[in-house]
Amino acid sequence: MSDFEIWITIIGLTAVTIITRNFFLIPGDALRLPPRVEHALRYAPVCALTALVTPELFTVHGTLALSLANPKLIGGLVAAVTIVVTGRTLLTMALGMVAFWIARAWL
Amino acid sequence: MIRRAPADAHARRLKREAFFAGQLRAVPVAIASGVWGIVTGVAMVNSGLTPLQAVGMTLLVFAGAAQLAVLPLIVAKAPIWVILLTATVVNLRFLIFSAGLVPYLRKLPLARRMLLGYGTGDFAFAVCTTQWQSQPASERGSPQQIWFMLGTIFSTWSVWQVSSMAGIVLGAQIPPAWGLDFAVVVSLIGVTIPMIYDRPGLVGALVAGIVAVLAAGLPLKLGLVAAVIAGTGVAMALDYAQARG
């Protein structure tokens, strides 16, 4: 892509960020969400973040990798257990990465 | 010289404290956001963006997942509309987040709502909503809550920008063998799981996670959308069923 096309793309991407992050904030007070939608909002963020994570964990180069020979699965498992048990984000990152490195070195 | 009334000074002190509390609460996720920033910075340079383009992208776009999703498309010289559509789909979760923020920000003027909305990525959103969940509805949109939010945005935004720049400068010097990309995934696990606080939420997240894996091959990252719809639908149905007993 030419320099010009890259900058057009960057500006377009900026617009995408601004519009998506503010979509319902722009109408603001004028917006009254139906109760059913408010209800959905309690669960949608967790679902969205989970959906961002699982393909990274359970697939390798686009194919399903459910065996324990997948180091990302080991790291993810250790991270999940750590956050549930300790509730500490940094420890979770540290142990998850260490488990991932160890698994990768061994397998 | 105008002397401020004591009540005014008190309100200012509360705001300042809330701002620092937000910054402090966001420290763990800011570090996560920093790792993500480095990964994105490296990826931008490796995708052939010039340092200036990469800096421009990180300063303006400020959306790690979308940036990482579109970089391979830029390398492949995909049409711009495909790139923008892909970024939109990856960012659709922010639509949901923005709706979730409305009760807290509705009293602010448009420009401030948009500034806060623009600054609220995954990590700031997770910290704020987790914090606000335990506070009474009467507190919604209080100056303390807004300044707390500003604190989380300040932490995550500044760390993100600095680390992205670091990634751009370091570029190829960071060995891929470190697997830093995976640190992004691990940090997301760390912020997502604490947001689950009831059984419907847990089941919904599981469903969303499974659908996202099964539908990962769909074009334009549409698997993400399918996953959110499926997971949220199941969670709501379960919640209704529970409420009816």
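When the P(r) of segment B:87-245 is calculated, the portion above 23 Å amounts to 50% of the C-alpha pairs. Only protein heavy atoms count here; under a 1.4 Å probe, B:Val29 has an accessible surface of about 10 Å².
Across B:Ile193, A:Ile10, B:Ile229, the residue with the most accessible area heads the list, and the full order at a 1.4 Å probe is B:Ile229, B:Ile193, A:Ile10.
Applying 0.36 nm per residue to the separation of B:Ala237 and B:Gln133 and subtracting their alpha-carbon distance, the gain on full extension is 35.3 nm.
Placing unit charges on the Cβ atoms only, positive for Lys and Arg and negative for Asp and Glu, gives the protein assembly as shown a dipole magnitude near 960 debye about its Cα centre. Exposure check, 1.4 Å probe, all protein chains in place: B:Leu60 carries approximately 70 Å² of accessible surface. Taking each DSSP H run with n ≥ 4 as -39500 (n - 2.57) and averaging over every residue of chain B yields -25500 deg cm²/dmol at 222 nm. Here chain A is treated with +1 on each Lys and Arg Cβ and -1 on each Asp and Glu Cβ, and its dipole about the Cα centre works out to around 400 debye.
Among B:Lys221, B:Lys15, what's the order by accessible area (1.4 angstrom probe), most exposed first? Spell out each step's value before the answer.
On the way: B:Lys221 100, B:Lys15 75 Å².
Of B:Lys221, B:Lys15, the descending order of accessible area is B:Lys221, B:Lys15.
A 1.4 Å probe, protein heavy atoms only, puts the accessible area of A:Arg42 near 110 Å². Counting only residues at least eight positions apart within a chain, or on another chain, the lysines with an alpha carbon under 24 Å from that of A:Lys72 are B:Lys221.
Ignoring ligands, DNA and RNA, what accessible area per residue does segment B:1-134 give at 1.4 Å, in Å²? The partial results should precede the final answer.
Values: 6030 Å² over 134 residues.
It amounts to 45 Å² per residue over segment B:1-134.
Each Lys and Arg Cβ is given +1 and each Asp and Glu Cβ -1; about its Cα centre, segment B:121-245 then shows a dipole of about 160 debye. When the Cα gyration tensor is reduced to axis lengths a ≥ b ≥ c, the ratio a/c is 1.5 or higher for segment A:1-103, and with a/b not above b/c it is classed as oblate. For the chain pair B and A, buried accessible area totals roughly 6600 Å², probe 1.4 Å, rounded to the nearest 100. Computed from Cα positions, the angle between helix A:3-22 and the longest principal axis of chain A comes to roughly 80 degrees.
In the protein assembly as shown, a dipole from Cβ-located charges (positive for Lys and Arg, negative for Asp and Glu) runs towards its positive end, and of B:Ile146, B:Leu60, B:Gly167 it is B:Ile146 whose Cα lies farthest in that direction. The value of relative contact order for segment B:1-84, using C-alpha pairs under 8 Å at least six residues apart, is 24 percent.
Expressed as a rounded percentage, what relative contact order does chain A have, with Cα pairs under 8 Å and six or more residues apart?
For chain A, the relative contact order is 17 percent.
Using Cα pairs closer than 8 Å and at least 6 residues apart in sequence, work out the relative contact order for chain B, in percent.
Answer for chain B is 32 percent.
The values are calculated or read from the model by the stated rules, or taken from the named source; none is laboratory data. Given the structure is predicted, the values throughout are model-derived calculations rather than measurements. We place every Cβ from the backbone using ideal geometry, glycine too, and count neighbours over all the protein chains shown. The protein model used for the area step is the full one, side chains on, heavy atoms only, and it has no ligands, DNA or RNA in it. Shrake-Rupley method; radii C 1.70, N 1.55, O 1.52, S 1.80 Å.
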